[in-house]
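Notes follow the structure.
The values are calculated or read from the model by the stated rules, or taken from the named source; none is laboratory data. Quick caveat, the model's predicted, so the values are computed rather than measured. Positions of Cβ are generated from backbone atoms using ideal geometry, with glycine treated the same way; all protein chains shown enter the neighbour counts.
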Amino acid sequence: MHIAWFEYFQIISFFVAIYCWKGLKACSLLAFIPLLVIVNITELTGINFRAFGWSSNYFIYNLYLLVSTPFFFYLAGKMLFLTKKETIIFYIVCILCMILVFVNFAFIQGSRQLNTFSVGLIEIMIIVFSGLCLVRLTVFDQHELNFMKEPYFWINSLNLLSGLITLVVLGLQSYIMINQIEIANKTLYHAILPAINAIVYAGYSYAFILCRTQKTRYSSPL
Amino acid sequence: MQNAKDQVLFTIIAVIIILLFLGVLFLVMLFYYNNKKGQMSKEKQLMRATFDKQLLESKLEIQEQTFGMISQEIHDNVGQILSLAKVQLGIMEQKQSVDGELITNVKESISLAMTELRDIAKSLSSERLQQLSLQDSITQEIRRINRSGFIKVSSDVQGVEKNIPDQHKLIAFRIVQEGLQNIIKHAGASDVKVSIRYLDDCIFITIFDNGIGFDPETELKKREGLGLQNILSRATLVGGKANIMSKPGEGTTLQIQMAYA
C-alpha cells in the first residue's frame, strides 16, 4: 500500500484529534474526528485505487464529496454561533447545497468523472462560511482575541485560503487534465494540492492542540 | 502549442496568487480590526477606572461633608435647644417648685430638638432619598431650612418628574444641598429661590440667592473654593453640567443641568 507524503499530515491530524478529543468536544469540534476518518479512508483508497482493480479514483472522491459535506457544514454551523433564526436559514442553504451535490453525482456529471460543479459549490460555501466565521469571531466577540491562540481562527483561515486555491485547481481539473497543463513535469493538480493539504492538516493539528489547552474558554457560551 | 499551455498555466497561477492575496488581505484586515478593538477596549477600561475613582472620591467627599454638617447641625440647632431646655430645668430646680408654663416650654424645646434630629436624619439617609422623588427630597430640605428661620427659601416646579436613576437623583440632591448650605454659610442672603424644570431630555435646577455674591473665577482658583469645584465635578460625574454665575453685591445663581439617564 502506497502512502503519499501529504497523507502523513492527515493521519497525524486524525491522531491529534483523538488525543485532544476533550478539547474538541469543549470547542464543539468533535465532528472533526469522523470527518478525518472519512478523509483518511478516501485518500488511502484514492491513492491505491489500482490495488482495488479500479481504472479511476473519481468515484471515491465523488463519494467523499457526498459524505464529507454534511460534516463540513455541521462544523461551520457550530463555529458560526448562529441564532435560532440564522440556524434555520443556514440549514436550508446547506440542505439545498447537499441536494445539488447529490443531483450532480446521480444525474448530471455522474460518478465516473470528477464532480467539478460540486467541488466548486462546496468550496464556495466553505469560503463564505469561513469568512463569516472569521468576521463573527473578530467583530462580535467583545474582547480582543489573540488570533494565534484561537483554534477557530486557524481552522477558518486555513479553510478560506485552501478553499480559494482548491476552487481554481479542482474547478479547472478537467481542463487541466485534458490539456495536460503541467508545472515541473507534474500536473497542476499534483503540484499544488498535496502541499495545500499538508499545510491545512498541519494547521488543523495545531488548532486541535489549542482546543485542548483552551477548552475552558469554550465551556461557557461566548 | 506549448506557448499556449504556458499562458494558461501563467493565468491559472496568477488567479491563484490574486485570490490568495485577497484572502491574506482579508485576514490582515481582521488582525488590524482586532488590534483596534483591543486598544479601544483598553481605553474604555481606563476611562471606567478613572470614572470609578472619581465616583469613589466624590462619595468620600460627600461623606466628609455630611459628617461636618451633622456636627454643625447638632451644635447649632439641637445643642442650642437642649441647652435651653437644661437652663429651663435649672430654673425649675432653683425655684424648687413645678411651674406649669416652664414645663410646657421644656417639653416644646425637647420636641423641637427631636424634630430637628429627625429632619437631619432624613436629609442624610441615602436610602430615604432614593425612595423619594428628587422634588420631594428638595422640598423637605427647603422646609427644614425654613424651619430654622435663618433664611427664607421658596421653590418653583415646572413639568413632571421623569424616572431618574438613583445615582443621578442622589448626586443632584447633594449638589442642591451643598448649594443651599453654601448660601447659609457664606452668602448672607435673606431670600433664596429654587426652581426645578423637568424638560423632555433633562432636568434644569436653578438656585438663586440675594446674598453678597462673589467672583466665581477667583473663588474657584482658591483652595477654599473646593466646595464650588465639587459642585461642578459632581454634575460632570453624572453627565450633566453646573454653572455658577455671580458678581459681588449682586447675589448668586447656580444652574444645574442633568440628563435623565
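In this structure, is B:Thr218 among the β-branched types (Val, Ile, Thr) and either in contact (Cβ under 8 Å) with a residue 60 or more places away in the chain or closer than 15 Å to B:Gln135 by Cα (or both)?
It is false that B:Thr218 is among the β-branched types (Val, Ile, Thr) and either in contact (Cβ under 8 Å) with a residue 60 or more places away in the chain or closer than 15 Å to B:Gln135 by Cα (or both).
In the list B:Lys221, B:Lys185, B:Lys152, which residue meets the criterion of being basic (Lys, Arg) and in contact with an Asp or Glu (Cβ under 9 Å, 6 or more places away or on another chain)?
Selected residue: B:Lys152, the only one of B:Lys221, B:Lys185, B:Lys152 that is basic (Lys, Arg) and in contact with an Asp or Glu (Cβ under 9 Å, 6 or more places away or on another chain).
Enumerate the helices (runs of 4 or more DSSP H) found wholly within the stretch A:1-88, keeping only those where 3 or more residues are of a type in the set (Val, Ile, Thr).
Passing ranges, in order: A:5-19, A:32-47, A:58-79.
Going through the stretch B:165-181 one residue at a time, which ones are within 23 Å of B:Cys202 (Cβ to Cβ) and over 13 Å from the mean Cα position of the chain (by Cα)?
The answer is none; no residue qualifies.
So B:Gln65 fits all but one of (1) in contact with a Leu (Cβ under 8 Å, 6 or more places away or on another chain); (2) closer than 19 Å to B:Glu141 by Cβ; (3) among the polar types (S, T, N, Q); what number is the exception?
Single failed check for B:Gln65: (1).
Please return the ranges of helices (runs of 4 or more DSSP H) entirely within the stretch A:113-222 where 1 or more residues are within 18 Å of the chain's Cα centre (by Cα) and either within 11 Å of chain B (Cβ to nearest Cβ) or closer than 29 Å to B:Met29 by Cβ (or both).
A:116-135, A:151-171, A:188-213
Select, from B:Asn34, B:Asn77, the only residue that is within 14 Å of chain A (Cβ to nearest Cβ) and either of a type in the set (Phe, Trp, Tyr) or surrounded by 10 or more Cβ atoms within 10 Å (Cβ to Cβ) (or both).
Exactly one residue qualifies, and that residue is B:Asn34.
Every residue, every condition in (1) at pLDDT 90 or above; (2) among the β-branched types (Val, Ile, Thr); (3) touching a strand residue (DSSP E or B) at 6+ places or on another chain (Cβ under 7 Å); (4) at negative phi, yes or no:
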site: A:Ile38; (1), (2), (3), (4): yes, yes, no, yes
site: A:Ile41; (1), (2), (3), (4): yes, yes, no, yes
site: A:Val67; (1), (2), (3), (4): yes, yes, no, yes
site: A:Tyr74; (1), (2), (3), (4): yes, no, no, yes
site: A:Gly77; (1), (2), (3), (4): yes, no, no, yes
site: A:Phe90; (1), (2), (3), (4): yes, no, no, yes
site: A:Leu114; (1), (2), (3), (4): no, no, no, yes
site: A:Ile124; (1), (2), (3), (4): yes, yes, no, yes
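For the stretch A:29-76, what are the residues that are of a type in the set (Gly, Ala, Ser), in contact with a helix residue (DSSP H, G or I) (Cβ under 6 Å, 6 or more places away or on another chain) and touching a residue at least 40 places away in the same chain (Cβ under 8 Å)?
Selection gives A:Ala31, A:Ala76.
Conditions (1) aromatic (Phe, Trp, Tyr); (2) under 30 Å from B:Asn163 (Cβ atoms); (3) surrounded by fewer than 14 Cβ atoms within 10 Å (Cβ to Cβ), marked per residue:
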{"position": "B:Thr218", "(1), (2), (3)": "no, no, yes"}
{"position": "B:Lys222", "(1), (2), (3)": "no, no, yes"}
{"position": "B:Asn230", "(1), (2), (3)": "no, yes, no"}
{"position": "B:Gly239", "(1), (2), (3)": "no, yes, yes"}
{"position": "B:Ala242", "(1), (2), (3)": "no, yes, no"}
{"position": "B:Ser246", "(1), (2), (3)": "no, no, no"}
{"position": "B:Gly251", "(1), (2), (3)": "no, no, no"}
{"position": "B:Ile256", "(1), (2), (3)": "no, yes, no"}
{"position": "B:Ala261", "(1), (2), (3)": "no, yes, yes"}
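How many residues does the stretch B:37-59 contain that are loosely packed, with under 14 Cβ neighbours inside 10 Å and either aromatic (Phe, Trp, Tyr) or farther than 17 Å from B:Ala172 by Cα (or both)?
Result for the stretch B:37-59: 15.
For the condition surrounded by 15 or more Cβ atoms within 10 Å (Cβ to Cβ), facing chain A (nearest Cβ under 10 Å) and in a helix (DSSP H, G or I), what is the one hit in B:Ile62, B:Ile12?
After applying the criteria, what remains is B:Ile12.
Any idea how many residues of the stretch B:15-31 are aromatic (Phe, Trp, Tyr) and facing chain A (nearest Cβ under 9 Å)?
Residues meeting the conditions: 2.
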